[in-house]
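**Q** Structure incoming, see below.
The values are calculated or read from the model by the stated rules, or taken from the named source; none is laboratory data. Computed from a predicted structure; not experimentally measured. With ideal geometry, Cβ positions are generated from the backbone for all residues, glycine too; neighbour counts draw on all protein chains shown.
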Amino acid sequence: MQYQIQKLNNISKKESRKILGLMSGTSLDGLDMALCEISGHGKETQLTLLEFETYGYGEVFKNEVRSVFSTQMVNLEKLCMLNSWVAREHASIINAQIKKWGIDKSEIDLIASHGQTIYHAPKRQHQQNEFENSTLQIGDGDHIAHHTGIITISDFRQKHVAAGGEGAPLAAYGDYILFADKKVDRILINIGGISNLTYIPADAEFESIVCTDIGPGNVLIDGWVKENFSPLKYDVDGKIAASGEVQKALLDAMMNDPFLKMAFPKTTGPELFNKQWLEKIISEHGIVINKNEDVVATLTAFTATLLTSAIQEFATSEKACEVYISGGGVHNKIMMDTIQTNLPKIKISTTASISINPDAKEAILFALLANELVSGDGSCFGKGSKNAPNVGMGKVSFAG
Ligand SMILES: Nc1ncnc2c1ncn2[C@@H]1O[C@H](COP(=O)(O)OP(=O)(O)O)[C@@H](O)[C@H]1O
Ligand SMILES: [Mg+2]
């Protein structure tokens, strides 16, 4: 057998694998790195988080990515260069982090790299019949593999799109593996730039779970804070929101967006929910802004209201329903408190209470996808569904 394939084959047969899951989301805040020890596959998976770190991106990285991020017109040469540049940046961040952890590289079996999403264009958004759902992540896996010397599984979303999905959210798979419960319905929510939800009824087969984006998570809040409360990059712990008042007229106007009225499941991104979207609503409704704090409070209430009604839509059964939240949004106290106040009968927790670090969850989910690709037998996800097809996601880049 060709030696690279042989090596991958050996990894797939190991009792347990060390997989470094990577996530870099729409918030463009940093590279999440979750080093996981994973044994088994599917429902038998056992996962231990060995190490976790977020490397905060510097301004140079952010500005380079922003030059092509969520924008319809880009410099194609720049995009071409960034595909490898982002990967090399990631590789050097990874190499430095592995050193810091004091781990020998040879101990890490695989890297599971999400890449950097630069555009998400589901058909519902682009509405061009001759084109399918589309999404694009840059930071090519070959470059990461070559510069780290570790086999890299990357670009997970394309197979999902190929099989008819929108390429997002991919949380369904890992959430099912980690959190499906025999007795209770569970709702998992991730509040990143965009927020998403996975509904897993008690004792569910994979086909019956629902995984969907909800709408904006932190993206609008971050944008307003960056512009009006520089040098802050986000509303730390929700303190600005706490000092403002919710403007009902603005909240009502935002709630009227047609995307929010579409039935679940659906996906979106900062291509839709961005500064221009907010400014248009403010001007079309003649809304007068008195204090920037009020806008932050209102945007926070907006996300909290969307999450509340999404939870209400799924938490309808007689059985108890548990809600676990992850992503950077869990640190926004106002957001979390508002959701809990809106839903007094449902206990809202973070995934920390079920032993998963909420900041690491998404990176862990990609490590799980890589584990399934390399060692899964395809049975766990049954027939799959339109929005969560049962396909092996991720491309293999050998390290040679
Ligand atoms: N202490 C905090 N207080 C409030 N918000 C926070 C805090 N820490 C992180 N966040 C929010 O979480 C975002 C990052 O969340 P993350 O889960 O990494 O999202 P993404 O997957 O989009 O990168 C930040 O941009 C910020 O909005
Ligand atoms: Mg992030």
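Listed here are the residues, each with its yes/no results for (1) more than 30 Å from GLY378 (Cα to Cα); (2) acidic (Asp, Glu); (3) within 19 Å of the chain's Cα centre (by Cα); (4) not assigned by TED's automatic domain parsing to the domain that holds ARG157.
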| position | (1), (2), (3), (4) |
| --- | --- |
| LEU49 | no, no, yes, no |
| LYS78 | yes, no, no, no |
| ARG88 | yes, no, no, no |
| SER106 | no, no, no, no |
| PRO122 | no, no, yes, no |
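**Q** Which condition does SER70 not pass, out of (1) within 16 Å of ligand 1 (Cβ to nearest atom); (2) of a type in the set (S, T, N, Q); (3) modelled with pLDDT of 95 or more, if it passes all the others?
**A** Just one mismatch for SER70, condition (3).
To keep it simple, each residue is scored yes or no on (1) surrounded by 14 or more Cβ atoms within 10 Å (Cβ to Cβ); (2) aliphatic (A, V, I, L, M).
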{"site": "LYS248", "(1), (2)": "no, no"}
{"site": "ALA253", "(1), (2)": "yes, yes"}
{"site": "PRO258", "(1), (2)": "no, no"}
{"site": "LYS266", "(1), (2)": "yes, no"}
{"site": "LYS280", "(1), (2)": "no, no"}
{"site": "SER283", "(1), (2)": "no, no"}
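**Q** Regarding ALA96, is this residue assigned to a helix (DSSP H, G or I) and under 14 Å from GLY30 (Cα atoms)?
**A** no
**Q** Now for a separate question. Out of (1) free of Cβ contacts under 8 Å to residues at least 60 places away in the same chain; (2) under 30 Å from GLY115 (Cβ atoms); (3) in a helix (DSSP H, G or I), the odd one out for THR308 is which?
**A** Every condition holds for THR308 apart from (2).
**Q** With the structure loaded, tell me whether THR45 is polar (S, T, N, Q), under 30 Å from PRO122 (Cβ atoms), assigned by TED's automatic domain parsing to the domain that holds GLY382 and away from ligand 2 (no atom under 16 Å from the Cβ) or whether it fails that test.
**A** Answer is yes for this residue.
**Q** Taking ILE287 as meeting all but one of (1) in a helix (DSSP H, G or I); (2) away from ligand 1 (no atom under 16 Å from the Cβ), write down the number of the exception.
**A** Unmet for ILE287, out of (1) in a helix (DSSP H, G or I); (2) away from ligand 1 (no atom under 16 Å from the Cβ): (1).
**Q** So which pairs qualify, if the first residue must be in segment 130-150 and closer than 21 Å to ALA96 by Cβ, the second must be among the basic types (Lys, Arg), the Cβ gap must be under 7 Å, and the two must be at least 6 apart or on different chains?
**A** GLY141/LYS395; HIS143/ARG88; HIS147/ARG88; GLY149/LYS105; ILE150/LYS105
**Q** Check ASP203 against each of (1) within 16 Å of ligand 1 (Cβ to nearest atom); (2) assigned to a loop (DSSP other than H, G, I, E, B) and name the one condition it does not meet.
**A** (1)
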